[in-house]
Amino acid sequence: MEVEIKSVTLRPGSPPVQYYRAGQGEPLLYLHHIAGMQGWEPAMEELSKRFDVIAPYHPGWGPSGGLDEVDNGLDLVLHYTDFLDAVGVGSAYVLGHSLGAWIAAELAAIMPQRVRRLVLAAPVGIWDESAGGEDPFAQPPMAATAVLFADPARRQSLVLKDGAADPLENYVQEMKDLKAAAKFLWPLPDTGVAKRLSRVSAPTLVVTAERDRFIPPAYGAIWQSRIGGATRASLDDAGHLANLEHPAEFARVAGAFFSN
Amino acid sequence: MKFHWFNLMPYPYLPDDFRQKHRSVWVDVDSRLYDPVEGHRIYNDYLDLLEFAAELGFDGVGVNEHHANAYGLMPSPALMAATLARRTRDVSIVLLGMSIALYNPPTRVAEEMAMLDVISGGRLIAGFPVGTSMDTNYAFGSNPATLRERYQENHDLILRAWADPDVFSWNGRFNKLRYVNIWPRPIQKPHPPIWIPGGGSVETWDFCAENDYNYSYLSFSGYKRGQQLMDGFHTRVEEMGKPFNPYQAAFAQQIVVADSDAEAEESYFQHARYFFERCLHVYPGFADAPGYRTEATIRAGLKAQVGGVSAGGALGKSYRECVDEGFLVSGDPDSVTEQMEHLIKTLRIGHVFTLMHIGDMPREKCEKSTRLFAEKVMPRLRHLWDGYEDHWSPKALPQSRLAEPRAIRTRVTV
């Protein structure tokens, strides 16, 4: 299904938030990974069969401006609180992926009344010396996101559309998205969220991907142990961008938890 | 025309299989390759070479800042400048420079440069590099998303710290200081000349042109590849309606002078190959952190300075190709004079950083090449920009007011 991008302005003079919204059912806020979104993605399409999926570009990613206005997690929480108000949603299921999972966790810790159930997929924001993880910001420039796939060759079909995407434009966009991610995650992906996770009261599912080189599966237990009652799931044959590699499975795991 | 003698201070004992066994000379280069006892001799040799160049009549001696880098052993360039300030008397101390975005608070830079200006009697050139991505983002951990904004704020704070005679407070985005009041203050008023070493950022041209700073293009790709960037700078100056002055522009060039072209190739080229093959072996993932280059620079299609060199550059090229393509200015004194005149005129620069110590070149060879340049090349190029006034060199105290450092003496046994 073609879904048109929408735009909403949160405050007078602030750059508009660009977002997708489609589907029937309870609202589901979809917070994307460090490298943005490939438009309206197949995993969103799948989820939209059962939910009212709302997928914004974070400030500074894709066509959304406003990176200068957010400096930390609190700014992002307030941004999304205002965004939910602006799109008329009181509380939502929240699916956060990667850096989006960090924002989702902050939102659930600080604004618990806005989050009904929470899925944290490949969550970024805690650095553990022994769990480690590759540096997503120190990758060969023209293949910066290859490390985010279980099979780097999948980037060719999923991001570069088998040659249909202009490599220079894609490079410029990837650098822009990763710059925005770096603003919050440089030089180590430790956002300090760990100390706030005990405040999360929404039922929570932590999902890791078996072949995630950025957030290795060992982080699953670390996040789970800090959130009371959290459960865990794992995705096979998937790297950090499991949403692109296996969209149906990604959507099924999250959707099943929200429908529970 | 002015000539400055520059030493990157490379570690000369990287193994033959360095490229095969190691992914990068920078950031995650294996520290086990470094022998500090050799390092002791190397530092002293390199500092001797800088002092030697000062004696031979070069206008300035230059040092710069790198971190976790096996070809640039000066993480603290101010330390090197300090020893040169005491051991030289009549050359510019070209500190090119301190990466001002990395100092927290950057009043540290204002203080140390003021100290150097006072110790040297007003001979300091203050270089304000952004620094490479390898140095600033990866080795020093500075955030690439805000590096350039931090650079700008730190620049503004340092300038005011030098110029404002009153105590002031600074409420910036990156620095909050209740009392800014540096002691000492520089001899040169309002401040030492500011030179901006640039890699390939288009924004740097505007910054230099707007502020009347010297634009110093540092690359190892040679003058033929440097043409586009130097032209870009001169064009911006012209577009802003400012007068052309060659002394506002500087360029770094690797140079070898020998008695004959054959000697240059046979005796010296191996050291340039060491540099191109081992010292420029940088893992491409460290060349350009996301946000380090602005979108405008990426779109302008300019290669990150070392990444570009590392990817293509002089690697595997013959001596003749390296000279023909400008990676090296090399040959006998007549040939080097001719090449340098061409370089100076095509780039329209009034200052050149002569990179005469290259790779693992031993001291004696470097001294010979440096002497030939000073005695047989430099005098024939001095006149090139007669008629232009150099506003970008230090205004030192007159000789009569310069202090005379005491000579080094060994311990007297009583």
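Of the numbered criteria (1) part of a loop (DSSP other than H, G, I, E, B); (2) within 14 Å of chain A (Cβ to nearest Cβ); (3) not hydroxyl-bearing (Ser, Thr, Tyr), the one residue B:326 fails is (2).
Restricting to the range B:189-229, count the residues that are under 30 Å from residue B:336 (Cβ atoms) and either more than 17 Å from the chain's Cα centre (by Cα) or not in a strand (DSSP E or B) (or both).
So the first thing to find is which residues in the range B:189-229 are under 30 Å from residue B:336 (Cβ atoms), and the list is B:193, B:195-200, B:204-205, B:208, B:213-229.
With the extra rule that they be either more than 17 Å from the chain's Cα centre (by Cα) or not in a strand (DSSP E or B) (or both), the set shrinks to B:193, B:199-200, B:204-205, B:208, B:213, B:218-229.
Of the residues in the range B:189-229, 19 are under 30 Å from residue B:336 (Cβ atoms) and either more than 17 Å from the chain's Cα centre (by Cα) or not in a strand (DSSP E or B) (or both).
Search the range B:362-402 for residues being assigned to a helix (DSSP H, G or I) and of a type in the set (Lys, Arg), and hand back the single one that is farthest from residue B:343 (Cα to Cα). Taking the candidates together, the pick is B:401.
Residue by residue, here is whether (1) more than 27 Å from residue B:93 (Cβ to Cβ); (2) away from chain A (no Cβ under 14 Å) holds:
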{"residue": "B:161", "(1), (2)": "no, yes"}
{"residue": "B:164", "(1), (2)": "no, yes"}
{"residue": "B:167", "(1), (2)": "yes, yes"}
{"residue": "B:173", "(1), (2)": "yes, no"}
{"residue": "B:179", "(1), (2)": "yes, yes"}
{"residue": "B:182", "(1), (2)": "no, yes"}
{"residue": "B:185", "(1), (2)": "no, yes"}
{"residue": "B:189", "(1), (2)": "no, yes"}
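Going by the conditions given, is residue B:89 surrounded by fewer than 20 Cβ atoms within 10 Å (Cβ to Cβ) and at pLDDT below 95? Answer is yes for this residue. So, residue B:165, is that one surrounded by 22 or more Cβ atoms within 10 Å (Cβ to Cβ) and either over 19 Å from the mean Cα position of the chain (by Cα) or closer than 21 Å to residue B:131 by Cβ (or both) or not? The answer is no for residue B:165. Of all the listed residues (A:165, A:256, A:182), the sole one being modelled with pLDDT under 95 and out of contact with any Leu (no Cβ under 8 Å at 6 or more places or on another chain) is A:165. Could you please find all residues in the range A:91-105 being touching a Lys or Arg at 6+ places or on another chain (Cβ under 7 Å) and farther than 16 Å from residue A:257 by Cα? Within the range A:91-105, A:91 is the sole residue that qualifies.
Evaluated against (1) within 14 Å of chain B (Cβ to nearest Cβ); (2) surrounded by fewer than 17 Cβ atoms within 10 Å (Cβ to Cβ); (3) touching a Ser or Thr at 6+ places or on another chain (Cβ under 9 Å), residue A:232 falls short on exactly one condition, (1).
In the range A:117-136, the residue that is nearest to residue A:89 (Cα to Cα) out of those that are in contact (Cβ under 8 Å) with a residue 40 or more places away in the chain and more than 17 Å from the chain's Cα centre (by Cα) is A:127. Condition check for residue A:54 on (1) under 16 Å from the mean Cα position of the chain (by Cα); (2) within 24 Å of residue A:227 (Cβ to Cβ); (3) touching a residue at least 40 places away in the same chain (Cβ under 8 Å): one failure, at (3).
On the given criteria, is residue B:61 within 22 Å of residue B:115 (Cβ to Cβ) and touching a helix residue (DSSP H, G or I) at 6+ places or on another chain (Cβ under 9 Å)? Against the criterion (within 22 Å of residue B:115 (Cβ to Cβ) and touching a helix residue (DSSP H, G or I) at 6+ places or on another chain (Cβ under 9 Å)), residue B:61 qualifies. Report, by residue number, each residue of the range B:284-314 that is modelled with pLDDT of 85 or more, under 22 Å from the mean Cα position of the chain (by Cα), over 26 Å from residue B:341 (Cα atoms) and more than 8 Å from chain A (Cβ to nearest Cβ). Matches in the range B:284-314: B:292 only.
In the set A:107, A:99, only one residue is in contact with a strand residue (DSSP E or B) (Cβ under 8 Å, 6 or more places away or on another chain), more than 14 Å from chain B (Cβ to nearest Cβ) and among the aliphatic types (A, V, I, L, M); that residue is A:107.
Restricting attention to the range B:230-257 and to residues that are more than 15 Å from the chain's Cα centre (by Cα), β-branched (Val, Ile, Thr) and surrounded by 19 or more Cβ atoms within 10 Å (Cβ to Cβ), the residue that is modelled with the lowest pLDDT turns out to be B:237.
Limited to the range B:130-144, what total is found for residues that are at the interface with chain A (Cβ under 7 Å from one of its Cβ atoms) and buried (at least 24 other Cβ atoms within 10 Å of the Cβ)?
First pass over the range B:130-144, keeping only residues at the interface with chain A (Cβ under 7 Å from one of its Cβ atoms): B:138, B:141, B:143-144.
Among the residues that remain, those that are also buried (at least 24 other Cβ atoms within 10 Å of the Cβ) are: B:138, B:144.
The qualifying residues number 2.
Go through the range A:125-169 and give me each residue that's among the aliphatic types (A, V, I, L, M), within 11 Å of chain B (Cβ to nearest Cβ) and crowded, with 19+ Cβ neighbours inside 10 Å. Result: A:138, A:144, A:147.
Given the conditions (1) within 15 Å of residue B:3 (Cα to Cα); (2) surrounded by fewer than 20 Cβ atoms within 10 Å (Cβ to Cβ), and given that residue B:405 satisfies all but one, which numbered condition is not satisfied? The number of the failed condition is (1).
To keep it simple, each residue is scored yes or no on (1) part of a loop (DSSP other than H, G, I, E, B); (2) within 21 Å of residue A:118 (Cβ to Cβ); (3) among the β-branched types (Val, Ile, Thr); (4) at pLDDT 95 or above.
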residue: A:4; (1), (2), (3), (4): yes, no, no, yes
residue: A:12; (1), (2), (3), (4): yes, no, no, no
residue: A:18; (1), (2), (3), (4): no, no, no, yes
residue: A:28; (1), (2), (3), (4): no, yes, no, yes
residue: A:44; (1), (2), (3), (4): no, yes, no, yes
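I'm trying to understand the selection: among the residues of the range A:170-203, which are more than 10 Å from every other protein chain (Cβ to nearest Cβ) and either over 23 Å from residue A:109 (Cα atoms) or of a type in the set (A, V, I, L, M) (or both)? If you could, list the steps in order and put the result at the bottom.
As a first pass, look at the range A:170-203 and keep what is more than 10 Å from every other protein chain (Cβ to nearest Cβ): A:170, A:189-203.
Residues satisfying the conditions are A:170, A:193, A:194, A:197, A:200, A:202.
Taking only the range B:1-42 into account, find how many residues are surrounded by 17 or more Cβ atoms within 10 Å (Cβ to Cβ) and part of a helix (DSSP H, G or I). Looking only at that region, the number is 2.
Listed by first and then second residue, the pairs with beta-carbon distance under 9 Å, at least 6 apart or on different chains, first residue in the range A:64-81 and more than 12 Å from chain B (Cβ to nearest Cβ) and crowded, with 20+ Cβ neighbours inside 10 Å, second part of a helix (DSSP H, G or I) and of a type in the set (Val, Ile, Thr), are A:73/A:103; A:73/A:110; A:73/A:193; A:76/A:103; A:77/A:103; A:77/A:110; A:79/A:103; A:80/A:103. Under the condition of being among the aliphatic types (A, V, I, L, M) and either more than 17 Å from residue A:222 (Cα to Cα) or out of contact with any Leu (no Cβ under 8 Å at 6 or more places or on another chain) (or both), the residues counted in the range A:104-127 number 7. Beta carbons closer than 7 Å, at least 6 apart along the sequence or on distinct chains, pair a first residue in the range A:152-177 that is in contact (Cβ under 8 Å) with a residue 40 or more places away in the chain with a second that is of a type in the set (Val, Ile, Thr) for A:159/A:145; A:174/A:145.
The values are calculated or read from the model by the stated rules, or taken from the named source; none is laboratory data. Bear in mind that the values here come from a model prediction, so they are computed numbers and not experimental data. Cβ sites come from the backbone with ideal geometry, for glycine too, and all protein chains shown count toward neighbours.
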